[in-house]
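J.: One structure, as structure tokens, below. Some questions next.
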Amino acid sequence: MIAVRGLTKTYGQKVAVDGVTFTVEPGRVTGFLGPNGAGKSTTMRMILGLDRPTAGSVTVNGHRYTDAPAPLREVGALLEARALHPGRTARNHLRWLAVSNRIPERRVDEVLDLVGLTEVADQRVGKFSLGMGQRLGIAVALLGEPPVVVLDEPVNGLDPEGIRWVRTLARQLAEQGRTVLVSSHLMSEMALTADHLVVIGRGRVLADCSMPEFIAEHAASHVRVRTPRAAEGETLLRGHGLDVARTGDELRVQGLDAAGVGELLGGQGLLLHELTLVRSSLEDAFMTLTADSVEYSAAMPQEAGATR
Ligand code: ADP
């Protein structure tokens, strides 16, 4: 378990992480989601004892990471900025880490196989592609078979097959009862991987809930109705206290599910050409939630081209 309590980190005037509190439970994948610059990496670095908090505390399995005698066996981590010796081979890099953490050497071959790097194990890591580097980073994280795994943007640089592989791996690690924290700036990625979500923006927690709760709370839905008697339909539904917007023969109804809307209209003999439940995408929900916390947002194309 990872317990983050009131964690704060400032760099000069800049507040990178601002009183963040959340718990990462074992046996499930917790997605750590936020736009670039939200404070994900800084928080993860503090969890791993690589950065000193300005205020607050972090414990991993009840104690501070730096107190652990064999860190790689306690917490496995892939961080965005990898510190690799470019002249070393992948195998030597892993061997050196195994020896210094008293991990049996046979584990080196196991993790090389697990991440699909066996064939290139004796090549220098300086020549590795971004994706191969990510795989090696994940091999390092898993080397000590740690109960807690922290992966910062693990799918960066991976091809679709690699992305699927990371997703499956994260799920397997959680199923084995491990504590898994995975960061991403992509909601679509989290939707497929995470059971639980911690969303941050500008260093603050914006949401901390299960994936289904996030969907129920933030992904708004409405019922789209098309009927030749739209004006009548609008009056009828409004009469039942529903929120209705009409454009031509189309109604956009909020406050009731599709079956309920269909029954109200059908009960008055209104012919329906369409009755559809429309859910806004999770990506939209995430964008709305974090809209005020995006640090460097690009102008939308239509805004950029607009003349004022
Ligand atoms: P994320 O991982 O969510 O993209 P980071 O944790 O990397 O976000 O960064 C959070 C904020 O802190 C950003 O504004 C970033 O520029 C700033 N920051 C991160 N590290 C440093 C540092 N070493 N010195 C100054 N500012 C930093």
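J.: Tell me whether segment 66-87 contains one or more residues that are in contact (Cβ under 8 Å) with a residue 24 or more places away in the chain, over 25 Å from the mean Cα position of the chain (by Cα) and surrounded by 14 or more Cβ atoms within 10 Å (Cβ to Cβ).
T.: Yes, segment 66-87 contains at least one residue that is in contact (Cβ under 8 Å) with a residue 24 or more places away in the chain, over 25 Å from the mean Cα position of the chain (by Cα) and surrounded by 14 or more Cβ atoms within 10 Å (Cβ to Cβ).
J.: Suppose we filter segment 160-188 for residues that are more than 16 Å from the ligand (Cβ to nearest atom) and in contact (Cβ under 8 Å) with a residue 12 or more places away in the chain; how many remain?
T.: 16
J.: Let me ask another. Name the residue that is nearest to PRO228 (Cα to Cα), counting only residues in segment 267-279 that are among the aliphatic types (A, V, I, L, M) and in a strand (DSSP E or B).
T.: Within segment 267-279, the match that is nearest to PRO228 (Cα to Cα) is LEU275.
J.: State all residues of segment 209-266 that are over 30 Å from VAL199 (Cβ atoms), in a helix (DSSP H, G or I) and open to solvent by 80 Å² or more (accessible area, probe 1.4 Å); if no residue qualifies, say none.
T.: Of everything in segment 209-266, those that are over 30 Å from VAL199 (Cβ atoms), in a helix (DSSP H, G or I) and open to solvent by 80 Å² or more (accessible area, probe 1.4 Å) turn out to be GLU232, THR235, ARG238, GLU263.
J.: Return the only residue of THR23, THR10 being more than 22 Å from the chain's Cα centre (by Cα) and open to solvent by 30 Å² or more (accessible area, probe 1.4 Å).
T.: Residue meeting the stated conditions: THR10.
The values are calculated or read from the model by the stated rules, or taken from the named source; none is laboratory data. Remember, predicted model here, so these are calculated numbers, not experimental data. Every residue, glycine as well, gets a Cβ built from its backbone with ideal geometry; the counts of neighbours run over all protein chains shown. When the accessible area is computed, the model is the full protein with side chains, heavy atoms only, and any ligands, DNA or RNA have been set aside. Shrake-Rupley method; radii C 1.70, N 1.55, O 1.52, S 1.80 Å.
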